[in-house]
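For reference, the structure is listed below as structure tokens.
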Amino acid sequence: MSPYGRNTDYTSVSMSNLNNNTTMRNYPELIEEFIFYVNSFYNDQDGIYPIATKERIKEAVNIYLESKPLGEIYFDSLDREFVRLILEPTYSL
């Protein structure tokens, strides 16, 4: 056991434990909802901060999703702000 309470003896983890304690993330649905969420903030028609077209937002979301493993993306406001940085003229991840 690690000092953080995590089991570090990976050989003792059985598949039945993984299946009972792990929820699979539905990435296609999460991505679709995230694109909708980002659009609600930044689309140039009726967004809160109208800075880009829906097509450009989708491109920026795809760039962001390709920049790191999906398991490290939480589809939250922090991720939305990273997409905003991509939408701006100069950006870096």
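The values are calculated or read from the model by the stated rules, or taken from the named source; none is laboratory data. Here the structure is a predicted model, which is why all the values come from computation and not from measurement. Cβ coordinates were reconstructed from backbone atoms using ideal geometry, including for glycine residues, and neighbour counts include every protein chain displayed.
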query: Any idea which residue in segment 8-50 is modelled with the highest pLDDT, counting only those that are assigned to a loop (DSSP other than H, G, I, E, B) and within 15 Å of Tyr74 (Cβ to Cβ)?
result: Asn26
- prompt: Looking at segment 51-93, which of the residues that are of a type in the set (Phe, Trp, Tyr), under 16 Å from the mean Cα position of the chain (by Cα) and assigned to a loop (DSSP other than H, G, I, E, B) is farthest from Thr23 (Cα to Cα)?
  reply: Phe75
